[in-house]
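What follows is a set of notes on a single structure, which appears directly below.
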Amino acid sequence: MQEHKTPHETSWLFIIIFMILATIFGWFIVYTSRGVELMYAETATIEQVRYDSSIQKFDLADSSSLHVPSLDVYGLNQSWMYVSEAAPLPKTYEPAELVDVTLPRADKEVPMKLRADVLKRLEQLFSVAKQDGNELMVSSAYRSISDQQELYDDFVRTRSEAVAKQYVLTPGTSEHHTGYAVDITDASVRCEQDSSECNLSPASATWLATNSPKYGFIVRYPSGKEPITGIAHEPWHFRYVGVVLAMQLTEADLALDEFIEQATPGRIR
Ligand code: ZN
């Protein structure tokens, strides 16, 4: 019968407890520093992307962080996320952090939502536009995949499958599902009451194409890029991608698809 541990047994116990604690501590340090490193990589990458006009390519060679497999900067809740006919969203996709659009908007009785960071930038853009004499409104913002399905089915029912295919994007392939896309129109009372009455004048479209990149927006389906985007020029449809990328895409006259193809080859087809 042993009521008391010998000094020998006690020191072994201490060594074992010490080793367990050291392992936990070591694991904690490695895990957290990796998290910090990845967070930094994401920020650094988005700020550092640079277009080299001499070789007409984005300078991605040094951005090893773009290829960190566990951090997808083109992922489903990133401002560089890519949606197209070739890259549809999962049917269950829902964006994070949607907030109510408080700006002047079409169908004003119906709530409208966007991502919080996008709305903040859009408010700044609208305020500068107003100072320049362009009063703008939002004619469409976030649209769920099931909303798009209803719209599509409605076209099939009232017109035909062919018409639906021509005018309504297949559910899951619209950028409006992401909360990063917004349709912009000139402000008018008629548009405020009924979105089908909305219209963006050529003057406002030109102003927006020039000024929206300073707030992180691009004309997502530009004129002349139809073979690449697969979509006819939509001067009213703006996509938030962040200021750095928006400025560079606009200056280099590139569609988002061209950047995505360079950054992650094979993704746009
Ligand atoms: Zn749109």
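Listed values, structure above:
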item: Hydrodynamic radius (Kirkwood) for segment 137-207, which is based on Cα pairs only, to one decimal in Å; result: 13.4
item: Rounded to whole Hz, the Karplus (6.51, -1.76, 1.60) HN-Hα couplings of segment 248-264, x for glycine and proline; result: 6, 4, 5, 4, 8, 6, 10, 7, 3, 4, 5, 5, 4, 5, 5, 6, 9
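Values in this text are rule-based calculations from the coordinates and carry no lab data. Just so we're clear, the structure is a prediction, and the values are computed from it rather than from any experiment.
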